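**Q** I have a structure here, written as structure tokens, and I will follow up with some questions on it.
The values are calculated or read from the model by the stated rules, or taken from the named source; none is laboratory data. Note that the structure is a prediction, hence the values are computed from the model and not measured. Reconstructed Cβ throughout: ideal geometry from the backbone, glycine too, with neighbour counts over all protein chains shown.
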2 protein chains.
Amino acid sequence: MLNFVLAESALELVPKEVRKLPAVVSDSKRREADASEILLDRSFHHSAMTRLKDSEKRGRPDLVHVALLSVTGTPLYLDGKVKVFVHTCGDVVLAIAEKTRLPKNYIRFRGLMEEALSEKPGTGLIKVRPMGIKELFRSIRADAVIGLSVQGKQMSVEELARKLSAATEPCVVVGGFPHGHFTAETLSAFDELVRVNPKPLEAQVVASRVIYEVEKARRGLND
Amino acid sequence: MLNFVLAESALELVPKEVRKLPAVVSDSKRREADASEILLDRSFHHSAMTRLKDSEKRGRPDLVHVALLSVTGTPLYLDGKVKVFVHTCGDVVLAIAEKTRLPKNYIRFRGLMEEALSEKPGTGLIKVRPMGIKELFRSIRADAVIGLSVQGKQMSVEELARKLSAATEPCVVVGGFPHGHFTAETLSAFDELVRVNPKPLEAQVVASRVIYEVEKARRGLND
């Protein structure tokens, strides 16, 4: 089983300190929903977000959505060979049940995430709990945790895929945020830090390439 | 230059014959927009869509969005080596200016497409005109037009990428619809019909794999 972790993801409900700010209030009115139950989203809450700590890494549920779709549409995932976890910037982990198809429509995805993060009884396909990144890796019992970052050691995606395929419970970690780097805490939890491109790549581009090469590496092993 | 065409895409404004149906009327009220200027979207207009011809292939702007993002995030595209065209089920072609970044947020993407299809003066980054698929291929002056479909001849993505890289003005065509197959007219315009997976794959999964392998093939040629 390949474990895929989207780490420090820019996914959270609007935090208390900005719920009364104009951009949030008007969005919450428009959506007819309480500000405490809507996703923080830079597209709508930009002016309010300047007040937040690490603001540039937060409020991008669209990015999380596209990154997840690039994994959940692959044959490897649909075959039940990939387990997907979303670790958020607020240290919450969403574990997605094997083979679950996520909605391609963003508005439906947003509803699903709001439901999950508000801890409303949902479909049970997404399990949510407060959890730091180290605890997540421990709970996975990963024997190889490889983080991807332009700060890492250059390696081709093929080589990375061979490394992952050689482990029993490999875990590959992609940043779920738009700018910046992993925190020191996250970095310290990796066995290895690898870069697969000289320039930063969007999470969904990296994710789809890694899954594809792991598929090919496994096919090679089975031949 | 690699030409990437998303063909018969499920992208269109709500057609006249269903604009007065309840699902469309209530969505148009909610969005405070005229029904003639909003995208047909199965997530909201499902009940109205049963009246439409070829209904199962239409009304999936979310799918088009995700497929385009899987191309526009790649190094090859960002390097100006891929030209992207969206051909719609209604024979309209949207030509996206080289290196244009599309919004990752679906709501912004939807706004952009509605603006383009309503022929409102936009940013000029998307050129829209009525055009059939054959006329599009002629205008590209493609010397190799390869369509992807499970009905095609089995080939690995690597092999396909080598074929594309060997042409001067290659064109790869992926279906921009959720179910079904290319029409006979589209099929007759291909030089070759290829399948890269035994089961149907989502457009964004195929697209990201093809672009990635073309990148690798070109790197190989330059070594």
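So that you can scan it fast, the table gives a plain yes or no per residue for (1) more than 10 Å from chain A (Cβ to nearest Cβ); (2) touching an Asp or Glu at 6+ places or on another chain (Cβ under 9 Å); (3) over 19 Å from B:VAL86 (Cα atoms):
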site	(1), (2), (3)
B:PRO170	yes, yes, no
B:GLY176	yes, yes, no
B:HIS179	yes, yes, no
B:VAL194	yes, yes, yes
B:SER208	no, no, no
B:ARG218	yes, no, yes
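**Q** If you don't mind, there's one more thing I want to ask. Consider B:ALA33 against the criteria (1) in contact with a Leu (Cβ under 8 Å, 6 or more places away or on another chain); (2) surrounded by fewer than 18 Cβ atoms within 10 Å (Cβ to Cβ); (3) part of a loop (DSSP other than H, G, I, E, B); (4) not basic (Lys, Arg): it satisfies all of them except one. Which criterion is unmet?
**A** Of (1) in contact with a Leu (Cβ under 8 Å, 6 or more places away or on another chain); (2) surrounded by fewer than 18 Cβ atoms within 10 Å (Cβ to Cβ); (3) part of a loop (DSSP other than H, G, I, E, B); (4) not basic (Lys, Arg), only one is false for B:ALA33: (1).
**Q** Do you know which residues across region A:74-97 are in a loop (DSSP other than H, G, I, E, B) and within 25 Å of B:ALA207 (Cβ to Cβ)?
**A** Scanning region A:74-97 gives A:THR74, A:ASP79, A:GLY80, A:LYS81.
**Q** I've got another one for you. Condition test on B:ILE133, is it in contact (Cβ under 8 Å) with a residue 60 or more places away in the chain, out of contact with any Leu (no Cβ under 9 Å at 6 or more places or on another chain) and of a type outside the set (Lys, Arg)?
**A** So B:ILE133 fits the description; yes.
**Q** Separate question: How many residues, within region A:71-115, are within 11 Å of the chain's Cα centre (by Cα) and over 14 Å from A:LYS127 (Cα atoms)?
**A** 2
**Q** Could you check region A:42-73 and list, in sequence order, the residues that are surrounded by 22 or more Cβ atoms within 10 Å (Cβ to Cβ), more than 14 Å from every other protein chain (Cβ to nearest Cβ) and in a loop (DSSP other than H, G, I, E, B)?
**A** Answer for region A:42-73, where residues must be surrounded by 22 or more Cβ atoms within 10 Å (Cβ to Cβ), more than 14 Å from every other protein chain (Cβ to nearest Cβ) and in a loop (DSSP other than H, G, I, E, B): just A:ARG58.
**Q** Considering each of B:PHE85, B:PHE109 in turn, give the residue that is under 21 Å from B:THR186 (Cβ atoms), among the aromatic types (Phe, Trp, Tyr) and assigned by TED's automatic domain parsing to the domain that holds B:VAL205.
**A** The conditions single out B:PHE85.
**Q** Now a separate question. With the structure loaded, tell me whether A:ARG51 is touching a helix residue (DSSP H, G or I) at 6+ places or on another chain (Cβ under 9 Å), without any contact (Cβ under 8 Å) to a residue 40 or more places away in the chain and of a type in the set (D, E, K, R) or whether it fails that test.
**A** yes
**Q** Here's a follow-up. Would you list the helices (runs of 4 or more DSSP H) that sit entirely within region A:131-213 and hold 3 or more residues that are buried (at least 17 other Cβ atoms within 10 Å of the Cβ) and more than 14 Å from the chain's Cα centre (by Cα)?
**A** A:157-166
**Q** Of all the residues that make up region A:98-118, how many are within 14 Å of chain B (Cβ to nearest Cβ), in a helix (DSSP H, G or I) and either among the aromatic types (Phe, Trp, Tyr) or touching a Gly at 6+ places or on another chain (Cβ under 9 Å) (or both)?
**A** 3
**Q** Would you mind stating whether B:VAL25 is surrounded by fewer than 17 Cβ atoms within 10 Å (Cβ to Cβ), among the β-branched types (Val, Ile, Thr) and farther than 29 Å from A:LEU201 by Cβ?
**A** yes
**Q** Just one of B:LEU63, B:LEU76 is more than 20 Å from B:HIS181 (Cβ to Cβ) and of a type outside the set (Phe, Trp, Tyr); which is it?
**A** Among B:LEU63, B:LEU76, only B:LEU76 is more than 20 Å from B:HIS181 (Cβ to Cβ) and of a type outside the set (Phe, Trp, Tyr).
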